[in-house]
Amino acid sequence: MNEWFLCKQKISKLTNVKISFGYGKRQDSLKILKNKSVLLVCSKRMDHFLRNDSKFKEFFRDSEFIEIIHVDKYPEILEIEKVFTKLRNLDIDFDMLLAIGGGSVIDTAKLIKVFFSEKSNTIKSLIWKKNIKKYSKNSIPLIAIPSTAGTGSEVTPYATVWDSQGNKKYSISEPFLIPEYAFIDPELLEKSPKNILITTGFDAINQ
């Protein structure tokens, strides 16, 4: 545990992400989200869990507006483009982005973060970006609450996009994609299905 806190301090200095670690810490994010219009990115399983979670019912009750984007697999170019189209049609100014889940969920939230900086973007234009940095000043804050181990996406500037048809994987990397807040709550991992607990645990060991 002491090693983790030393690591946390080093990461905070390098990235400026505000990190909070401990059982039940997901609840602390509610102080930031209260009375905010929030876009939640999570899996369908996590959506169900949160709606029945005593620590998070307050979020669904008190947030000004909640829209939910479900992510249940790796971010695919075609699926992300559908998300962008949905958000364009909503035409809502969200105050905060909240990502609760594994690396794919948090990566998707990062791509949405770029989208909100310049809504004319397509996912392909992001992949072949030239001037993505100029959009960073318009980005909205992202809170990341990881529910798995291994990826570290909650403290990195990277977002991965998959093109299964072309059998390729792309990565976008910009400093402003680092989440502003990361709440590391081991309870979420413990309550994950056993297969996720095992596979992401081995991922962390391999990393």
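All of the numbers you see were taken from the coordinates with simple rules; none came from a lab. Everything numeric here is computed off the predicted structure, so don't read it as measured data. For neighbour counting, all protein chains shown are included, and Cβ atoms are generated from backbone atoms with ideal geometry for every residue, glycine included.
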Here are the criteria: (1) under 18 Å from residue 180 (Cβ atoms); (2) surrounded by 15 or more Cβ atoms within 10 Å (Cβ to Cβ); (3) in contact with a Ser or Thr (Cβ under 9 Å, 6 or more places away or on another chain). Tell me which single one residue 35 does not satisfy.
(2)
Top-ranked residue of segment 63-81 - restricted to ones that are among the acidic types (Asp, Glu) and surrounded by 13 or more Cβ atoms within 10 Å (Cβ to Cβ), ranked as nearest to residue 146 (Cα to Cα):
72
Residues of segment 46-82 satisfying the condition of being under 24 Å from residue 31 (Cα atoms), free of Cβ contacts under 8 Å to residues at least 40 places away in the same chain and in a helix (DSSP H, G or I)
47, 48, 51, 57, 58, 59, 60, 61, 62
Among the residues that make up segment 53-62, is at least one of them more than 19 Å from residue 23 (Cα to Cα) and under 14 Å from the mean Cα position of the chain (by Cα)?
no
Between a first residue in segment 101-117 that is closer than 16 Å to residue 87 by Cα and a second residue that is of a type in the set (Gly, Ala, Ser) and assigned to a helix (DSSP H, G or I), which pairs have beta carbons less than 7 Å apart while being 6 or more apart in sequence or on different chains?
117/136
All conditions in (1) under 28 Å from residue 27 (Cα atoms); (2) touching a helix residue (DSSP H, G or I) at 6+ places or on another chain (Cβ under 9 Å); (3) of a type outside the set (A, V, I, L, M, F, W, C) are true of residue 121 except (1)
